[in-house]
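Colleague: Could you have a look at this structure, given as structure tokens, before my questions?
Please treat every number below as a calculation from the coordinates, not as lab data. All values reported here derive from a predicted model rather than from experimental measurement. Heads up, the Cβs are rebuilt from the backbone with ideal geometry, glycines too, and the neighbour counts pull from every protein chain shown.
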Amino acid sequence: MMSEASLKPRSVYRLLPSMGEFRLLMLEGSSLRKVIRWLRTDSPEDLPTVLNAEWGGDPKDRKGEFPSGYPGAPVMSRRIADLLRDDLLAAGSFFPVHIADSEADEYVLYTVEQVIDCVDLRRSSKPKKGNGEIKKAVFRTDALPADLPAFRVPEFRGGVYWNGWAVDRLTELLGSDLEARLVWSEDPSHTPHPNPWGF
């Protein structure tokens, strides 16, 4: 948990699959639209309960365990979700992802429900019109939810931010399958990624 790393400088990341030789998972169109609608409204009625997806890439490659790069819809293997369940449920919920020709509940969508007002708007770049994406985010340390594994912010509801201690735990399990882009750090010697939400 976060207390194990409480002496380290706090940091925030965007997570996505690394560019390795494994297959990526694509949410089916109507399922992705459901997720996007929920991210915008945060209404319980819009919360997706069942999603459909399909594998992309070479069928000979292995399936990734963090196989979706959509910024607001982290998908992970059931194995990872079970190993980190207690920590991850503090910020959201799991919903099954139905994949054609795959075992039931092999992968889950992690819906991050905690929306925290913690961005320093004076020191951050202006949110993009349309989706609210913040290219350079600076967080107020007094408001940063350091005890949560992940969170969203009101200005950019469509992106999931991950706290450093949760990224450390995921990296231990996923290794080079996971790309962690630094968004912000208390340590001024750490340089944030120039385009954390890009591909």
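Colleague: Could you work out [θ]222 nm for the chain from helices alone, using -39500 (n - 2.57) per DSSP H run of at least four and dividing by all its residues? Round to the nearest 500 deg cm²/dmol.
Modeller: Helix-only estimate at 222 nm: -4500 deg cm²/dmol.
Colleague: Please report, to one decimal in angstroms, the Kirkwood hydrodynamic radius of the chain built from all distinct Cα-Cα pairs.
Modeller: 17.2
Colleague: If you stretched the chain out fully between Arg33 and Lys60, how much longer would it get, using 0.36 nm times the residue separation minus the C-alpha to C-alpha distance?
Modeller: 6.8 nm
Colleague: Each label point is 7 Å from the Cα along the Cα-to-Cβ direction; what then is the distance between the points at Arg123 and Ser43, in nm?
Modeller: Spacing of the two 7 Å Cα→Cβ label points: 3.7 nm.
Colleague: Normalized C-alpha radius of gyration of the range 64-180, against 2.2 N^0.38 Å?
Modeller: 1.11
Colleague: Treating the angle as unsigned and between 0 and 90°, give the value, to the nearest 10°, between the Cα long axis of helix 29-41 and the longest Cα principal axis of the chain.
Modeller: Between helix and principal axis, roughly 30 degrees.
Colleague: Modelled label-to-label distance, Glu106 and Asp142, 7 Å Cα→beta-carbon offset: nm?
Modeller: That separation, rounded to one decimal, is 5.0 nm.
Colleague: Please report the net charge: other residues with Cβ closer than 10 Å to the Cβ of Pro48, K and R +1, D and E -1.
Modeller: Summing Lys and Arg as +1 and Asp and Glu as -1 gives +2.
Colleague: Restricting to Cα pairs below 8 Å that are 6+ residues apart, what does the relative contact order work out to for the range 2-185? Please round to a whole percent.
Modeller: 30
Colleague: Cα centroid distance between the range 1-72 and the range 137-199, in Å?
Modeller: Value for the Cα centre distance between the two parts: 14 Å.
Colleague: Using r as the Cβ-Cβ distance of Ile116 and His193, and R0 as 25 Å, what FRET efficiency do you calculate, to the nearest 0.05?
Modeller: Computed FRET efficiency for Ile116 and His193 comes out at 0.75.
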